[in-house]
Amino acid sequence: MGSFDMLRYASGVGLVTGLTVVALGASPVFAADTTEDAQASEQAITVTGVRQAYRGDFALSEIPQAIAQIDEAAVKANNFLRLADALDLNASVSRQNSLGGLFDSFAVRGFTGDENIPTGYLVNGFNGGRGFGGPRDVAGLERIEVLKGPAAALLGRGEPGGTVNLVTKQAEIGRTFGSASIQYGSFDRVRTEADFNLALSGGLTARLIGYAEDGDTFRDTVHQRRWGFLPSIGLAIGPNTRVTYDFEWTRAETPFDRGIVVLDGDFRTVPRSRYLGEPGDGDHVARATGHQLRVQHDLNDRWSVQVGASLRDTLLTGFSSDAELATARQKLFVDGRSLSRQRRSRRYDSRQWVVRAELSGAFETGSLRHRVLIGADRDQFDNDQQFGRVRPPVVNAATTDRAGYVLDILNPVYGRFPLPTPGPQNDRLDVQRSTGIFLQDQIELTDRLQVRIGGRYDDVNLRTLNRLSGVDSRRSKARFSPQAGLVYRLSTPITLYAAYGEGFRANIGTDVAGGIFDPETSRSKEIGIKVTALDGRLNGTLAVFQLDKNNVLASDTGNPGFSVAIGKARSRGIEFDLAGQLPGDIDVILSYAYIDAEARSTLLEPNFNFQIRPGDPLINIPDHNLNVQASKRFTIAGAEAQLGAGVQYVGERSGETGTAFALPAHTLARVFGEIEPIEGVTVFAAVQNLFDARWYANSYSPLWVQPGTPRTASIGLRTSF
């Protein structure tokens, strides 16, 4: 679809949606992007902070890409605790199947990755999200960047719709400050956090961050415990060199929870609180240990170099009792109350090494100014999965409830039968080794017009060892992925941009026969407008995009842990983001997305006989998504205070691949506030799902539907110095 067709498509849809908003410091969510910022970025600096990886020396308005930034202030105001909740603030991101609540899975602009592993986000520019370390907590995050659009040529990873980069809190050289908080919430949840930045000597500073959380949930018998320690050490070696070391040590313990069942489209088949697993299975335990070491050196006021390495180990272990999906084995379809279940065991162990280096700088050729970014990275990912299960037999007149491991969904009696022992189903090692080299040059042709050209070369080696079958599969692929962009400053408040990029991403794992899949390839096109109003206090972005992807995978329903190729997919849409400060000192956030994501190939799934046809919607992708929030700071009896509210609307979504089952639309309201009665002491509170709406976060099938959390409230106390 060319630029003219994209504009015509935008006008046909009507209300448009946006890519990133790069808003000013007054905005509670988005980072500043003002003329003064652009000028300051070109001046020589003393290295006390840390540069953004893969960014180069650019103001955000100069980048032909949408970059939404959700900062700590917005997350803290809403008292969001998980990455998934924080990402709801951006309408381009939608929730996906989360493996019983035990990993992060989301789609950007309608595309997600492999359904069998967590969605691969970045941490400070390094691959960090593909392991099974549990849902990411927001503690220790300075901001969340949603890097939308055709950036794969530079990043060499992630989906063509975009990549999420988590920027962690870094040790701030030469400063001492800190904060600590404790809060109590619905379902007897107690949480404490601490963040202390300590200047030890000269250029050496340590930042110590930790959290601990314990409590019940709205799901019957489901208790959870989480804790983490996330320190950062910063060392300034002279005025131009900064060394940073970050450590991650986290643990989550909670039962595996597939959610509720929906019979004949009735979402009230069982109460949303009903747990359909088996408490006797105990907790799944997710652990993560990570290290990052980065060195940044400014060669002069124009050139800088960054080198770094990252290592992250994760482990997920536990047992679960899950609803059987095969119709012939499911007694629930016979009597409407007897749920036949599988019992499963998991030991998912992963390790990821990443080494990266990049050089950025500027030079002139005649009247043209060039800003270049040159880099290389090496990524090694080992994913070891041991999975077992025992299934109920085909239902007939002789099948007993014990053989079917049945639970009465209307009157559950847990522990009714001895726990079946899972047999080996999948024992597999996936190994990925990839090397990439990238180059980008942004050329200022005039004081209004800039052109970006670049590309990335990737060389990927894949191996899958199936220990059960003895099949050892190997494959190598290499590809060059170009990118191009155009930025035109129409006037001081208005910038136009266009971008094109191609992507290349290796598919991890094999089909059930041991065949390694071809890598995903993609093409991305977008055009957009970035606008600044009210003297820079209000910023917005409007964008139209189309993404086309080949060699798309979906989970193999009949063979857990394996995938099937569903061919091609397309996502196109319109986005609108707005953030900043209105007259009256009211901070606002508005994010809307219309996304049309669909399959473009035909597939007949052999085990469950479902049909995927061109035009079928991709699972868990709403057509309309909207998030609006407003807040205001004021003074009460000399005490600083804040009060705010927000609304999220999520449209209807496909709830199962290849069928007509859909999750209904929902609207959620929230309120939040805080007051500082004593200097350095803040009382804060928040209420989520204010009107106690029934909603559903994601689904894999009508028998695996994740109900959303009902109304919850929290109140806490925070001290700072």
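The values are calculated or read from the model by the stated rules, or taken from the named source; none is laboratory data. Since we're looking at a predicted model, the values are computed, not measured. All Cβ positions, even for glycine, are placed from backbone atoms using ideal geometry, and neighbour counts span all protein chains on display.
Descriptive notes on the structure:
- Options 180, 199: the member that is surrounded by fewer than 23 Cβ atoms within 10 Å (Cβ to Cβ), without any contact (Cβ under 8 Å) to a residue 60 or more places away in the chain and in a strand (DSSP E or B): 199
- Residues being of a type in the set (D, E, K, R) and in a strand (DSSP E or B) - total across region 680-721: 1
- Residue that is nearest to the chain's Cα centre (by Cα) [pool: residues in region 611-655 that are more than 19 Å from residue 695 (Cα to Cα) and charged (D, E, K, R)]: 616
- Counting the residues of region 278-321 that are touching a Phe, Trp or Tyr at 6+ places or on another chain (Cβ under 9 Å), part of a strand (DSSP E or B), of a type outside the set (S, T, N, Q) and farther than 30 Å from residue 417 by Cα gives 10.
- Any hit, region 443-456, residues being at pLDDT below 90 and either aromatic (Phe, Trp, Tyr) or assigned to a loop (DSSP other than H, G, I, E, B) (or both): no
- Long-range neighbours under 6 Å by Cβ, at least six apart or interchain, first residue buried (at least 24 other Cβ atoms within 10 Å of the Cβ) within region 161-172, second among the charged types (D, E, K, R) and in a loop (DSSP other than H, G, I, E, B): 161/109; 162/109
- Among the conditions (1) in contact with a His (Cβ under 6 Å, 6 or more places away or on another chain); (2) at pLDDT below 90, the only one that residue 102 does not satisfy is (2).
- Across region 607-662, the number of residues qualifying as free of Cβ contacts under 8 Å to residues at least 12 places away in the same chain and either within 30 Å of residue 113 (Cα to Cα) or basic (Lys, Arg) (or both) comes to 3.
- Which numbered condition residue 480 misses (of (1) closer than 20 Å to residue 437 by Cβ; (2) in contact (Cβ under 8 Å) with a residue 40 or more places away in the chain; (3) of a type outside the set (Gly, Ala, Ser)): (2)
- Total residues in region 493-512 satisfying the condition of being polar (S, T, N, Q) and either touching a Ser or Thr at 6+ places or on another chain (Cβ under 7 Å) or without any contact (Cβ under 8 Å) to a residue 40 or more places away in the chain (or both): the figure is 2.
- The single condition from (1) in contact (Cβ under 8 Å) with a residue 60 or more places away in the chain; (2) surrounded by fewer than 18 Cβ atoms within 10 Å (Cβ to Cβ); (3) not aliphatic (A, V, I, L, M) that residue 442 fails is (2).
- Just so you know, in region 425-439 the residues that are surrounded by fewer than 21 Cβ atoms within 10 Å (Cβ to Cβ) and within 24 Å of the chain's Cα centre (by Cα) include one that is nearest to residue 55 (Cα to Cα), and it is 435.
- Condition met for residue 381 (within 35 Å of the chain's Cα centre (by Cα), of a type in the set (Phe, Trp, Tyr) and in a strand (DSSP E or B)): yes
- Checking 312, 242, 329, 302 one by one, the residue that is at pLDDT below 95, of a type in the set (Lys, Arg) and farther than 26 Å from residue 708 by Cβ is 302 and no other.
- Odd one out for residue 270 among (1) in contact with a strand residue (DSSP E or B) (Cβ under 8 Å, 6 or more places away or on another chain); (2) within 19 Å of residue 173 (Cα to Cα): (2)
- Entry remark, region 364-373: residues being over 12 Å from residue 57 (Cα atoms) and of a type in the set (A, V, I, L, M, F, W, C) number 1 in total.
- For region 503-522, the set of residues classified as over 21 Å from the mean Cα position of the chain (by Cα) and in a strand (DSSP E or B) consists of 510, 516, listed by residue number.
- Residue pairs whose Cβ atoms lie under 6 Å apart, separated by 6 or more positions or on different chains, with the first residue in region 572-591 and surrounded by fewer than 24 Cβ atoms within 10 Å (Cβ to Cβ) and the second at pLDDT 90 or above and among the aromatic types (Phe, Trp, Tyr), are 576/592.
- Qualifying residue in region 474-487 (condition: among the charged types (D, E, K, R) and buried (at least 19 other Cβ atoms within 10 Å of the Cβ)): no
- Residue count for region 679-701 under the criterion of being touching a residue at least 12 places away in the same chain (Cβ under 8 Å) and either surrounded by fewer than 16 Cβ atoms within 10 Å (Cβ to Cβ) or in contact with an Asp or Glu (Cβ under 6 Å, 6 or more places away or on another chain) (or both): the result is 9.
- Yes/no for residue 338 being buried (at least 18 other Cβ atoms within 10 Å of the Cβ), over 28 Å from residue 712 (Cα atoms) and in contact (Cβ under 8 Å) with a residue 12 or more places away in the chain: yes
- Residue match in region 137-150 (condition: part of a loop (DSSP other than H, G, I, E, B), surrounded by fewer than 22 Cβ atoms within 10 Å (Cβ to Cβ), more than 13 Å from the chain's Cα centre (by Cα) and touching a residue at least 40 places away in the same chain (Cβ under 8 Å)): no
- The residues listed here are 120, 129, 113; of these, the one that is part of a loop (DSSP other than H, G, I, E, B), of a type outside the set (A, V, I, L, M, F, W, C), in contact with a Lys or Arg (Cβ under 6 Å, 6 or more places away or on another chain) and modelled with pLDDT under 95 is 120.
- The lone exception for residue 704 - which of (1) buried (at least 21 other Cβ atoms within 10 Å of the Cβ); (2) at pLDDT below 95; (3) not polar (S, T, N, Q) it fails: (2)
- Subset of region 496-520 (residues that are at pLDDT 90 or above, surrounded by fewer than 22 Cβ atoms within 10 Å (Cβ to Cβ) and farther than 25 Å from residue 120 by Cα): 496, 498
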